[in-house]
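Participant: Can you keep this structure in mind? I'll have questions shortly.
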């Protein structure tokens, strides 16, 4: 498989052929994952996980993925590192590179930070989320989960609901899905929909009930309150009434439709608990697939392959 990249920075950088390569590689990696065995693909490689923002799923799944590939993993706690003494991110990465780190997996609140590091360092940089920009491995695991259940991406109708404006997950999903030929819809309050989002090839529905019965996949996003500089919701009760995926809306979905959520879930707000735990929900499968996708990316970026 040809994948001639040093870094993984954004879905926007990837072609349809690149995405197909990742899907195929992920299928292979999932077989390894489910077997319970390790593989020596990254033996003697050093992987540093450097997160400047909180994470449960992404951080831990990267660690599991790297260890299943036999890599050495270094978890860096920013709160107890030299960052608290004023060390810049470039000096931190320079230090890690001097320690012969092969991969740095980074999450940061500043959009574009991963691109800056990739441009200035030889170490492979994997973007685990940068500001409002992208979250490429989440977009890839969502793409793979849809493919796993639907056996195709082309011509599927996929709806993304919620805080589109502040979501890096939404952007990565839109790029991946559109590149692979899906039809993408977004729904949310007008204050949560970016201006000119239609230029990305998506269709906006402010009334969720006008579209929810027509789609094959519903991907629910939480309200990104930690990234909002102002309160863009007049009423949480109104949001729940208009945009929560509840039991009534669950009944309006197609019989074969699936429900997704990148997590963490705010039960009772963007999704009802019974819906999150229903037979249509593939949320836990997304978590498992996240490990396989991250194994795939680490393998494909291995310059000794």
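The values are calculated or read from the model by the stated rules, or taken from the named source; none is laboratory data. Quick caveat, the model's predicted, so the values are computed rather than measured. Using ideal geometry, Cβ is built from the backbone for each residue, glycine included, and neighbour counts are taken over all protein chains shown.
Participant: Would you check if residue 170 is crowded, with 24+ Cβ neighbours inside 10 Å and either assigned by TED's automatic domain parsing to the domain that holds residue 256 or under 19 Å from the mean Cα position of the chain (by Cα) (or both)? Quick ask: steps written out before the conclusion?
Facilitator: Numbers: crowded, with 24+ Cβ neighbours inside 10 Å: yes; either assigned by TED's automatic domain parsing to the domain that holds residue 256 or under 19 Å from the mean Cα position of the chain (by Cα) (or both): yes.
So residue 170 fits the description; yes.
Participant: Would you please list the contacts, defined by Cβ atoms under 6 Å and residues six or more apart or on different chains, that run from a residue in region 98-122 that is more than 21 Å from residue 138 (Cβ to Cβ) to a residue that is at pLDDT 95 or above?
Facilitator: Hits for this filter: 101/46; 101/48; 101/123; 102/45; 102/46; 121/93; 121/97.
Participant: While we're on this one: Can you tell me which of 223, 297 is at pLDDT 95 or above and either exposed (fewer than 12 other Cβ atoms within 10 Å of the Cβ) or within 23 Å of residue 173 (Cα to Cα) (or both)?
Facilitator: Numbers: 223 fails: at pLDDT 95 or above.
After ruling out the rest, the residue left standing is 297.
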